[in-house]
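Structure, as C-alpha cells:
A short reminder: the numbers here are calculations on the coordinates, not readings from a lab. The structure presented is a predicted model; accordingly, all values stated were derived computationally and were not measured. Because the Cβ atoms are built from the backbone with ideal geometry, glycine has one as well, and the counts that use them run over all protein chains shown.
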Amino acid sequence: MKKKPDKKRNEKNKQKPKQERLIPPSRLGFFAWIVPPPFLNVVENLKKAIFKKFNVKQTLKAPAHLTFIPPLLLSLHQIKKAIAALEEFNQSLTTPNLEILDVGHFKDKTIFLKTTNLAELNEIRQALNDLIAKRLNLTIKPSHHKFIPHISVANRDIPPASFQSLYIFIRNKNLNFHAPLSKIDLLIWSGNKWSSPRQIADLE
C-alpha cells in the first residue's frame, strides 16, 4: 500500500527556502616589480618569439615581472587595502637599479633572466612581508626555497625535448639592460591572465 504524501511536511518545506552559503568574493594576487618600458617590450617580444617557435605560452599570461610575494588568496577588501598600502610603500621605496646579465633555469621547468642586487631585493621582500602582515592581517608561511630574484620567460609548459634548444635560443638573444625598481605592483588573476586590479571590472 502506497503512503499518502505528507501535505503538512511539503508545505513546511516550501515555507523554508534553502539558505545559500555566501562566500565573499576573493581572487589570487601576487606582489611584483613589473619590468618598465622600453625593456618591457623587449622581454614581451622575446616571450612571443618563444611561443611562436616552441609553443610555450605560460608566461604570456602576465607582464614581464619579478615576483616578491607569490600568489595569495585575497578578499575584495584586502585587495583594496593592498592597493592603498602599496601607494604608501612605493613613496618610501629606495630605487635600486637592476641589471639583467644572464639566463638561468630551475631544472627543466623554468628559464629566466637573472638579476643583480640580491641584498636590496631581499630587504624589499622582507618589508613587503611585514606590510602584508600588518595591513592585510595575513601571515606568509616561510618558504623552503631560497629567494632567487628572476624574470621568467618560459615556465611550466616547456616540452622536455625542447628544453635545451629553447635555453640556447634565449641565451643567444644576449639580453643585457639596466632598469630602475621604482615601484611594486599587485597583480590579480582575472580568470585567464594576471592584471592590475584597476583593469578588472568586477573589482571596482
* Which residues' amide hydrogens lie under 5 Å from the amide hydrogen of F68, considering only partners 5 or more residues apart or on another chain, with H built in the peptide plane? -> F31, A32, W33
* Structure fact -> Treating only Lys and Arg (+1) and Asp and Glu (-1) as charged, each at its beta carbon, one finds that region 52-117 has a dipole about its Cα centre, in Debye to the nearest 20, of 460
* To do: Please list, in chain and number order, the residues 5+ apart from S190 or on another chain whose amide H is under 5 Å from its amide H, with Hs placed from the backbone.
  => S195
* Structure fact -> Under the Karplus relation with 6.51, -1.76 and 1.60 and θ = phi - 60°, whole-Hz ³J(HN,Hα) for region 100-113, x at Gly and Pro, equal 9, 10, 8, 10, x, 7, 10, 6, 10, 9, 9, 10, 9, 8
* Asked: Summing -39500 (n - 2.57) over the DSSP H runs of n ≥ 4 in the chain and dividing by its residue number, what mean residue ellipticity at 222 nm do you reach, to the nearest 500 deg cm²/dmol?
  -> -10500 deg cm²/dmol
* Lys pairs under 24 Å by Cα in region 89-184, provided they are eight or more residues apart or on distinct chains -> 13
* **Extension reserve of the I140-I168 stretch, reckoned as 0.36 nm per residue once the Cα distance is removed** => 6.5 nm
* **Per DSSP, loop chymotrypsin sites (Phe, Trp or Tyr not before Pro) in region 80-127 with at most 10 further Cβ within 10 Å** => none
* Can you give the relative contact order of the chain as a percent, counting alpha carbon pairs under 8 Å and 6+ residues apart? -> 31
* Structure fact -> Comparing K193, K141, K57 in a Gaussian network model of the chain (Cα, 10 Å), the one with the largest mean-square fluctuation is K141
* Of all trypsin sites (Lys or Arg not before Pro) in region 62-130, which ones are in loop regions per DSSP and have a Cβ with at most 15 other Cβ atoms within 10 Å? -> K107, K109
* Structure fact -> Here, region 28-72 modelled as identical Cα point scatterers in vacuum has Debye log10 I(q)/I(0) at q = 0.22 Å⁻¹ of -0.78
* 18 Å tail of the calculated P(r), region 86-204, as % of Cα pairs -> 65
* How big is region 77-123 by the Kirkwood estimate over distinct Cα pairs, in Å? -> 13.4
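Using Stokes-Einstein with the Kirkwood hydrodynamic radius over Cα pairs, what translational diffusion coefficient do you get for the chain at 25 °C and a viscosity of 0.890 mPa s, in µm²/s rounded to a whole number?
The Stokes-Einstein estimate is 125 µm²/s.
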